[in-house]
Amino acid sequence: EIRNGNACFFSDAFVCFYIDDYKFDSKGGIWFSPDKAINILKHFRGIITPDFSTYSDFTKPLCLWNTYRMRAFGYYCGKKGLEVVNNVRGRTEDDFDYCFSGIETNSVIAIGTVGSGLKLIENREGFNCWIKEMVRILMPRTILVYGSSKYPIFEELSKAGIEIVSYEGE
């Protein structure tokens, strides 16, 4: 619609950024050309903040940097009038000191389970610990899950009154 010159195009939808984040850093990507991105994003109701990677083999400074970039881009979009849902990303207890920073309590948040390794039972204990701490600190009213929410922890959260909305990944 935008390419066809429909300047009035609007979608009551949120744009999410669960893609290979190296694309964020290209010359025309959202990190280096945020205003170019805003000119497209303003045609939508809002965004889920970009999922800059915080892989377990990344150093802590790189994870801090990528978490900062998630929050900074979301803040910038909010200042430009977009509704923003924060994507929350963490790895282990070592991340508790920063991965929940800058997110409003009792809000709608998003997390991704695609590529999380949760299919392996041995990875679930750490994830469960992380998500329980996230809930304790952020007290979200709704958690949007990109990927499967067919794990016992999400049933437990739902029984505790947190709305779980799942968008299955590929």
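The values are calculated or read from the model by the stated rules, or taken from the named source; none is laboratory data. Model, not experiment: these values are computed from the prediction. Note that each Cβ is placed from the backbone with ideal geometry, even for glycine, and that neighbours are counted across all protein chains shown. Side chains included, ligands, DNA and RNA excluded: accessible areas come from the protein's heavy atoms. Shrake-Rupley method; radii C 1.70, N 1.55, O 1.52, S 1.80 Å.
Short-range pairs are left out: with C-alpha atoms under 8 Å and at least six residues apart, the relative contact order of the chain is 16 percent. Expressed as a whole percent, the accessible area of the stretch 88-170 that falls on carbon and sulfur atoms is 49 (1.4 Å probe).
Under a 5 Å amide H cut-off, with hydrogens placed 1.01 Å from N, VAL15 pairs with GLY46, ILE47, ILE48 among residues at least 5 apart or on other chains. Starting from a Cα-only point model with no solvent, please compute log10 I(q)/I(0) by Debye for the stretch 97-170 at q = 0.23 1/Å. Each listed q maps to, in turn, -1.15. Only Cα pairs under 8 Å and 6+ residues apart enter the sum, and on that basis the relative contact order of the stretch 94-168 stands at 36 percent.
In the chain, the calculated helix contribution to ellipticity at 222 nm averages -9500 deg cm²/dmol per residue, counting -39,500 (n - 2.57) for every DSSP H run with n ≥ 4. Rolling a 1.4 Å probe over the heavy atoms of the protein chains gives the chain an accessible area of 58 Å² per residue.
Under 5 Å between amide hydrogens, built in the peptide plane, is the criterion, and for THR113 it picks out TYR146, GLY147, SER148 among residues at least 5 positions away or on other chains. Per residue, the convex hull spanned by the alpha carbons of the chain comes to 122 Å³.
Computing FRET efficiency as 1/(1 + (r/R0)^6) for THR92 and ALA7, where r is the C-beta to C-beta distance and R0 is 30 Å, gives about 0.05. For the peptides 74-85, 138-149, residues were scored by their other Cβ atoms within 10 Å and the scores averaged per peptide; the highest-first order is 138-149, 74-85. Between the helical axis of 60-79 and the longest alpha-carbon principal axis of the chain there is an angle of about 50 degrees. Comparing THR54, TYR22, GLY90 along the charge dipole axis of the stretch 1-120, the residue lying farthest to the positive side is TYR22, per the Cβ-charge model. In the chain, the longest principal axis of the Cα atoms and the axis of helix 124-138 are about 60 degrees apart. The equivalent ellipsoid that matches the C-alpha gyration tensor of the stretch 1-46 spans semi-axes of 21, 13, 9 angstrom, in descending order.
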